[in-house]
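Chemist: Pasting a structure here, questions to come.
Please treat every number below as a calculation from the coordinates, not as lab data. As the structure is a computational prediction, the values presented were derived from the model and not from experiment. In this analysis, Cβ positions are derived from the backbone assuming ideal geometry, glycine residues included, and neighbour counts consider all displayed protein chains.
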Amino acid sequence: MAEGVFRHVAEQRCLIPPVEVDSAGTGSWHIGDPPDSRAQRAAAGRGVDLSTQRARQVNAGDFTGFDFVLAMDRANISALRRIAPDSSTADIRLFLDFAPDAGTDEVPDPYFGGADGFAHALDLIDAAARGLADHIETLRG
């Protein structure tokens, strides 16, 4: 969801030069799968299309190929920091660091809940995506 929402925000903001956006999991169990159908429905209701996304696993190149490697929760940021190579140049942090008013630092996994969980996660993700876009615009001057 975060990939699709941030891509949407970046396109709305016309971030120039364009940003490269991708998402990956720390585990391998969903490689090649599209986003959960409930996530796709919830995002589509906000004008965000996730249908072309496919799951992949994070790899060593992500830590030098991207400026940011962002995690949704503390467990995943710990995993990312463990697997990051010594050559990592990425800023590894929680996605919600870019939404300081969110009232939490983790995006809850809505997988085992109902539609409300996906809506809540999208609210948090949208706030962080906008904050990240602001941050990138500030960095670019």
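Chemist: Going by the structure shown, is PHE112 farther than 14 Å from ASP22 by Cβ and of a type in the set (A, V, I, L, M, F, W, C)?
Modeler: The answer is yes for PHE112.
Chemist: Additional query: So which of ALA90, ALA99, ALA44 is in contact with a Leu (Cβ under 8 Å, 6 or more places away or on another chain), surrounded by fewer than 18 Cβ atoms within 10 Å (Cβ to Cβ) and not β-branched (Val, Ile, Thr)?
Modeler: On inspection, the qualifying residue turns out to be ALA44.
Chemist: While we're here: For the range 49-69, give me the residue count where each residue is part of a loop (DSSP other than H, G, I, E, B) and either more than 15 Å from the chain's Cα centre (by Cα) or closer than 22 Å to LEU94 by Cα (or both).
Modeler: The total comes to 13.
Chemist: Under 7 Å by Cβ, and 6 or more places apart or on different chains, what pairs join a residue from the range 13-32 that is hydroxyl-bearing (Ser, Thr, Tyr) with one that is exposed (fewer than 15 other Cβ atoms within 10 Å of the Cβ)?
Modeler: Here the result reads SER28/GLN57, each pair linking the range 13-32 to a residue that is exposed (fewer than 15 other Cβ atoms within 10 Å of the Cβ).
Chemist: Does any residue in the range 68-79 that is farther than 17 Å from MET1 by Cβ come within less than 6 Å, Cβ to Cβ, of a residue that is hydroxyl-bearing (Ser, Thr, Tyr) six or more places away or on a different chain, and which pairs are these?
Modeler: ALA79/THR26
Chemist: Among ASP109, ASP126, ASP101, which is touching a residue at least 24 places away in the same chain (Cβ under 8 Å), assigned to a helix (DSSP H, G or I) and among the charged types (D, E, K, R)?
Modeler: ASP126
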